[in-house]
Amino acid sequence: MSMKTLMTAAALAALAQSAGAEVKVGMITTLSGGGASLGIDTRDGFMLALDKSGRDDIEVIIEDDQRKPDVAVQITDKMIQSEKVDVLTGIVWSNLAMAVVPAATAQGLFYLSTNAAPAQLAGKGCNQNYFAVSYQNDNLHEAAGAYTKEAGYAKPFILAPNYPAGQDSLNGFKRFYDGELAGEIYTELGQTDYAAEIAQIRASGADSVFFFLPGGMGISFLKQYADSGVGLPVVGPAFSFDQAILQAVGEAAVGVSNTSTWSKDLDNPANAAFVAAFQEKYDRLPSIYAAQGYDTANLLVSALEKADVSDADAFRAALAEADFDSVRGKFSFAANHHPIQDIYVREVIKEGDIYTNKITGIAMEDRANAYVDECSM
């Protein structure tokens with residue numbers, strides 16, 4: 001029997017269906033529009049790990065959520081009712097996760113998050129069938145706040161999109177940066193013109209800027225910020241300096257510090273093998289989204305080696321053990337099923353013709369999340 005990938009894109013619609021897969025995985029991710037590169041990397045990292053696992057009993061159904069909550073909900077309903085999936089995964093955006101995850105887990109489905117991990121699902125809204133394999137949304141921003149304080153910046157201006165991950169972002173930053181802010185604003189999700197925000201930064205008296213703007217938003221902001229000549233130091237999370245974003249922004253990003261749970265230069269065998277295999281298969285460097293997709297698939301495989309997905313209690317326990325070699329090195333789950341992991345500081349560099357990141361230090365060691373005690377599992 002063969003592994004199946006079913007996608008909404010017409011070019012892939014004719015892929016053959018698996019004759020008798022024992023496990024069905026529904027991947028809902030963003031494959032079109034301004035956030036497409038994030039979902040494409042998520043998908044490619046996940047499928048690479050399954051290819052390398054050698055298993056032919058896992059059927060993966062992949063659909064494009066178009067970054068729209070209503071579309072994600074419709075796809076989820078179809079996957080649960082018609083496709084009879086056992087596990088859901090792949091959502092990039094936290095507003096889509098909030099629309100999908102609570103209802104899916106309430107129906108007994110397992111959800112393994114490759115990216116989105118909003119605070120609402122880590123604390124009182126936690127669920128025994130929900131595992132965030134990526135991080136908790138606040139984490140990278142907490143590390144950025146800690147780094148900003150350690151670097152001696154005294155008056156940062158902070159901004160993020162107005163949706164759950166953006167709110168988690170600024171809350172996380174302020175949890176570990178307790179000094180004066182020059183300004184704090186929420187932008188529109190999907191915004192492309194940042195002239196007004198850059199004017200506010202210029203007039204604010206700030207000595208630095210922290211921003212969380214993933215995907216096309218980050219490309220637009222960084223280009224406009226560089227052109228503005230404001231020139232203040234910039235700090236952000238990895239999502240704002242993702243591998244695809246860097247190629248679009250170019251020289252304007254070089255030297256910027258950003259925080260991440262993963263980097264291509266992390267020195268461990270699993271990561272070295274992943275980076276090499278990803279480049280060989282897809283002819284590009286992987287991003288944090290690809291790394292998280294890869295780890296999520298390997299977590300799934302590790303659990304299936306110990307338990308049948310139909311035995312929910314045993315499968316859940318096997319997931320919680322996190323018995324796989326993470327590309328991040330140390331990895332375990334906290335009591336609310338979110339990772340305990342190190343968070344690094346990276347610097348944007350240019351290697352030949354490619355813009356990428358290198359690790360310069362550790363911002364936080366063995367960081368769990370702020371919501372563990374609110375979860376009553």
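Quick look at the numbers
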read-out	value
Unmet requirement for TYR294, which otherwise passes all of (1) touching a helix residue (DSSP H, G or I) at 6+ places or on another chain (Cβ under 6 Å); (2) surrounded by fewer than 21 Cβ atoms within 10 Å (Cβ to Cβ); (3) aromatic (Phe, Trp, Tyr)	(2)
Residue within region 47-59 that is over 25 Å from GLU305 (Cα atoms) and modelled with pLDDT of 95 or more present	no
Hits in region 348-371 - residues which are surrounded by fewer than 18 Cβ atoms within 10 Å (Cβ to Cβ) and either of a type in the set (S, T, N, Q) or outside the structural domain of VAL256 (by TED's automatic domain parsing) (or both)	THR360
Within region 135-181, considering residues that are surrounded by fewer than 20 Cβ atoms within 10 Å (Cβ to Cβ) and among the small types (Gly, Ala, Ser), the one nearest to the chain's Cα centre (by Cα)	ALA151
Residue within region 337-345 that is surrounded by fewer than 18 Cβ atoms within 10 Å (Cβ to Cβ) and more than 21 Å from PRO118 (Cα to Cα) present	no
Check on PRO164, touching a residue at least 12 places away in the same chain (Cβ under 8 Å), on the phi < 0 side of the Ramachandran plot and in contact with a Phe, Trp or Tyr (Cβ under 8 Å, 6 or more places away or on another chain)	no
Single match in SER302, SER260, SER287 (criterion: small (Gly, Ala, Ser) and closer than 15 Å to ASP41 by Cα)	SER287
The lone exception for SER228 - which of (1) in contact (Cβ under 8 Å) with a residue 60 or more places away in the chain; (2) surrounded by fewer than 21 Cβ atoms within 10 Å (Cβ to Cβ) it fails	(1)
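The rows are residues; the columns are (1) among the small types (Gly, Ala, Ser); (2) free of Cβ contacts under 8 Å to residues at least 60 places away in the same chain; (3) out of contact with any Asp or Glu (no Cβ under 7 Å at 6 or more places or on another chain); (4) in a loop (DSSP other than H, G, I, E, B).
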site: ARG284; (1), (2), (3), (4): no, yes, yes, yes
site: LEU299; (1), (2), (3), (4): no, no, yes, no
site: LEU319; (1), (2), (3), (4): no, no, yes, no
site: ILE343; (1), (2), (3), (4): no, no, yes, no
site: ARG346; (1), (2), (3), (4): no, no, yes, no
site: GLU365; (1), (2), (3), (4): no, yes, no, no
site: MET377; (1), (2), (3), (4): no, no, yes, yes
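The values are calculated or read from the model by the stated rules, or taken from the named source; none is laboratory data. Computed from a prediction, not measured in an experiment: that's the story for all the values here. With ideal geometry, Cβ positions are generated from the backbone for all residues, glycine too; neighbour counts draw on all protein chains shown.
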